[in-house]
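The structure under discussion appears below in the form of structure tokens.
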Amino acid sequence: FQRLLAGQWLREKQNVLLTGPTGVGKTWLACALAHQACRQGYSAYYVRLPRLLDELSIGRADGRYSKLLKQLAKVDVLTIDDWGLAVLDDVHRRDLLEVLDDRHNARSTIVTSQLPVDHWHAAIGDATLADAILDRLVHNAHQLTLKGESLRKKRSRLTNQLAQE
């Protein structure tokens, strides 16, 4: 993680994939990497995958779709949180491919997911589109698998303990 903070992955237009159970700090670490990128002069944008897909669907309906894709393509670090919470439909798979195709070897992407990377293919749903999406995302990525108990659960126990004192 310290090597990632140095930023070489940004200069080389690589991706970062953070996986692990809920509450272990994936989003926090992803945001820390994006924040560090900003400190190094890069632009960053954070979005949860369901909201990104909704935003693109609305953009398609109101004529902003191309503009949204161009904006996403220009961001140096796109952080996509909560990857794989639900199987994607065909339109969402194609939207995701458009976003990642525009960014491939041009910008860096951070993805967080509760699913291990080897389950992403099935979560995408369509084998051909899954191959295309993952080819653009996984093969030039640093993969970090986090383990442990939910930090939220630990914090809750601490709060309950303080309340009892």
State the Cα centre-to-centre distance between the stretch 47-67 and the stretch 118-142 in whole Å. 21 Å
Of the candidates Asp118, Asp89, Asp102, which one comes out as most mobile in a Gaussian network treatment of the chain with C-alpha springs shorter than 10 Å? Asp118
With Cβ to Cβ distances under 12 Å as the rule, what net charge do the other residues near Arg94 carry (K, R +1; D, E -1)? -4
Report the relative contact order of the stretch 52-132, percent, no decimals, based on alpha-carbon pairs under 8 angstrom and at least 6 residues apart. 35 percent
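Based on the Cβ-Cβ distance of Gln114 and Phe1, what FRET efficiency does E = 1/(1 + (r/R0)^6) give at R0 = 22 Å, to the nearest 0.05?
For Gln114 and Phe1, the calculated efficiency is 0.70.
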Can you give the local net charge around Leu10? Use residues other than it whose beta-carbon is closer than 13 angstrom to its beta-carbon, Lys and Arg +1, Asp and Glu -1. +4
State, to one decimal in nm, how far the label point of Leu146 lies from the label point of Arg64, with both points 7 Å from Cα in the Cβ direction. 3.0 nm
May I ask you to give the percent of accessible area on the chain that is carbon plus sulfur, with a probe radius of 1.4 Å? 51 percent
Heavy-atom accessible area per residue of the stretch 40-123, all protein chains kept, 1.4 Å probe, expressed in Å², is 49 Å²
Dividing the helical contributions, -39500 (n - 2.57) per DSSP H run of n ≥ 4, by the residues of the chain yields a 222 nm value, nearest 500 deg cm²/dmol, of -16000 deg cm²/dmol
Heads up, the stretch 14-54 by the C-alpha gyration tensor (a ≥ b ≥ c square roots of eigenvalues; a/c under 1.5 rounded, else a/b over b/c prolate, else oblate) looks oblate
Please give the contour-minus-distance gain from Ser57 to Arg39: 0.36 nm per residue of separation, less the Cα-Cα distance, rounded to one decimal in nm. 3.3 nm
Of the peptides 38-45, 22-29, how do they stack up when ordered by the mean number of other Cβ atoms within 10 Å, highest first? 22-29, 38-45
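The values are calculated or read from the model by the stated rules, or taken from the named source; none is laboratory data. Just so you know, these numbers come straight off a predicted model, no measurement behind them. Using ideal geometry, Cβ is built from the backbone for each residue, glycine included, and neighbour counts are taken over all protein chains shown. To get the accessible areas, we keep the full protein, side chains included, count just its heavy atoms, and leave off ligands, DNA and RNA. Shrake-Rupley method; radii C 1.70, N 1.55, O 1.52, S 1.80 Å.
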